[in-house]
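**Student:** Next up is a structure, given as structure tokens.
The values are calculated or read from the model by the stated rules, or taken from the named source; none is laboratory data. From a predicted model like this one, the values you see are computed outputs, not experimental measurements. Methodologically, a virtual Cβ is constructed for each residue, glycine included, from the backbone with ideal geometry; neighbour enumeration extends over all protein chains shown. To get the accessible areas, we keep the full protein, side chains included, count just its heavy atoms, and leave off ligands, DNA and RNA. Shrake-Rupley method; radii C 1.70, N 1.55, O 1.52, S 1.80 Å.
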Amino acid sequence: MFYLIVLITLTIVPVMIGWWLVVLRHLNRRSEAGIRTGPSRWHVLRYGPMAPLVSAAVFFGGLPSWSVFPTSDPILSSVGLPLMVMTVSGFTAFVISTVLWVATSALERSIADSK
């Protein structure tokens, strides 16, 4: 459990940025090919709203470690610090992915309007 939390903590921000770069490359190829890109074409691998939802899930997954009340749960006490760090990285990824989603949506609209 500890190693899974550490893996998620260390990879969530780079995964969000890498996912966004793949989306930009895809949009660039569609634009160069003259394929209409609009907000109505949604699929699971599209950056928004899935990227903010995934990073929000990571954020909420780490929130129990920030409990003010002491706990006697041995699992939570043994992975408390990694869960705290996961909460911070999940929030950071959420902010980054939301900003990138807004930027990508604006780019999609500008590509669609230029056609």
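**Student:** Among (1) under 18 Å from Glu108 (Cα atoms); (2) out of contact with any helix residue (DSSP H, G or I) (no Cβ under 8 Å at 6 or more places or on another chain); (3) at pLDDT below 90, there is one condition Ile75 misses while meeting the rest; what is its number?
**Tutor:** (1)
**Student:** Hey, another quick one. So in segment 4-41, with the set limited to residues that are open to solvent by 100 Å² or more (accessible area, probe 1.4 Å) and among the charged types (D, E, K, R), which one is modelled with the lowest pLDDT?
**Tutor:** Among those that are open to solvent by 100 Å² or more (accessible area, probe 1.4 Å) and among the charged types (D, E, K, R), it is Arg41.
**Student:** Would you pick out the residues in segment 48-65 that are over 8 Å from the mean Cα position of the chain (by Cα) and over 22 Å from Leu107 (Cα atoms)?
**Tutor:** Listed by number, the residues that qualify are Ala57, Val58, Phe59, Phe60, Gly61, Gly62, Leu63, Pro64, Ser65.
**Student:** While we're here: Hey, among the residues in segment 79-115 that are at pLDDT 80 or above and closer than 11 Å to Tyr47 by Cβ, which one's surrounded by the most Cβ atoms within 10 Å (Cβ to Cβ)?
**Tutor:** Among those residues, the one meeting the criterion is Ser97.
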